[in-house]
Amino acid sequence: MPDIDFFGFFRFWLATIVTIYASILTLQSFRNWASWLAGGDKYSSLLRRYLLVHGLRLRFKTFWGDVIICGLLCIAFFIIWHAQTVLSRANNTIKMSESSNVQRTVKHP
């Protein structure tokens, strides 16, 4: 019987589809904002100036809390990713040892 990990297969394809979907939506949003802000009318100019002023007045004390949370979430992601690779290697080792044990018992009638 073939050894297929359906959960790994599902997880890989789900991650691929979600990544492509999120990338497409993000690029479409950036394109729409860029085309909207590139307009030459009075309101687009006012909005560009408004965004520039608020970007320059950004408070870094409140901003750094969000940066720290994002960093901690990235660290948690990499820990989980590393744990998954360790578990996958352990699973492969167990399967290899079980298959070698089965071959040994088959050879000795």
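Okay, here's what the table says:
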quantity	calculated
Tally, over the stretch 9-43, of residues that are of a type in the set (D, E, K, R), assigned to a helix (DSSP H, G or I) and more than 21 Å from TRP81 (Cβ to Cβ)	2
Residue tally, condition of a type in the set (Phe, Trp, Tyr) and surrounded by 10 or more Cβ atoms within 10 Å (Cβ to Cβ), over the stretch 38-50	1
Residues of the stretch 51-62 satisfying the condition of being exposed (fewer than 10 other Cβ atoms within 10 Å of the Cβ) and part of a helix (DSSP H, G or I)	VAL53, HIS54, GLY55, LEU56, PHE60, LYS61, THR62
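Residue-wise test of (1) at pLDDT 90 or above; (2) assigned by TED's automatic domain parsing to the domain that holds GLN84; (3) of a type outside the set (Lys, Arg); (4) surrounded by 10 or more Cβ atoms within 10 Å (Cβ to Cβ).
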position: MET1; (1), (2), (3), (4): no, no, yes, no
position: PHE7; (1), (2), (3), (4): no, no, yes, no
position: ARG11; (1), (2), (3), (4): no, no, no, yes
position: LEU14; (1), (2), (3), (4): yes, no, yes, yes
position: VAL18; (1), (2), (3), (4): yes, no, yes, yes
position: SER23; (1), (2), (3), (4): yes, no, yes, yes
position: ASN32; (1), (2), (3), (4): yes, no, yes, yes
position: TRP36; (1), (2), (3), (4): no, no, yes, yes
position: ASP66; (1), (2), (3), (4): no, yes, yes, no
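The values are calculated or read from the model by the stated rules, or taken from the named source; none is laboratory data. Keep in mind it's a predicted model, so treat the numbers as computed, not measured. Positions of Cβ are generated from backbone atoms using ideal geometry, with glycine treated the same way; all protein chains shown enter the neighbour counts.
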